[in-house]
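Some notes on the structure that comes next.
Each reported figure results from applying straightforward, stated rules to the coordinates on display, with no laboratory input. Quick caveat: nothing in here was measured; it's all calculated off a predicted structure. Backbone-built Cβ (ideal geometry, glycine too); neighbour counts: all protein chains shown.
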Amino acid sequence: MKTILQRFPNHKDRLKVYYQLYKIYTVTKNNAKAEECKNQILTGYPDSDYAKLITDPDYYLELMAVKERADARYAEAFGEFKMGHYNLAIIYCNDAIQTLLDKN
């Protein structure tokens, strides 16, 4: 993976490569290299999901919980839609969208 960064410094998946290297170096206990990749991510891509995963290990779990809440609300909206309660279905859909937007 490091070869990709050297050969293609502007590669579109550069962030993903840094994160994968960070994980590899962390598992192999190469702390200096892991820290180097971590710093590249946090300084170069501070608003990315990868940066959020590094700074908050529970970020992914929180993101999945939000998605599950939104999915449940969409299911409720679909149920209301099938019963012909269109206004209520719209309200539920808007609520689900807002749930997702509030997390970001």
Rounded FRET efficiency, nearest 0.05, which uses the C-beta distance separating ASN31 from THR55 and R0 of 22 Å: 0.80
Longest to shortest principal axis, alpha-carbon extents of the chain, angstrom: 59, 26, 20
For the chain, with +1 on Lys and Arg beta carbons and -1 on Asp and Glu, the positive-most of TYR25, PRO46, ALA75 along the dipole: TYR25
Nearest-ten-degree value, helix 31-44 long axis tilted from longest Cα axis of the chain: 50 degrees
Mean separation of Cα contacts under 8 Å (6+ apart) over length of the chain, as relative contact order %: 16 percent
Relative contact order of the range 2-55, pairs being alpha-carbon contacts under 8 Å that are 6 or more residues apart, as %: 28 percent
Magnitude of the charge dipole, the range 59-103, Cβ model with Lys/Arg +1 and Asp/Glu -1, debye to 20: 80 debye
Partner lysines for LYS12 [C-alpha distance under 29 Å; skip if fewer than 8 residues away on the same chain]: LYS2, LYS23, LYS29, LYS33, LYS38, LYS52, LYS67, LYS103
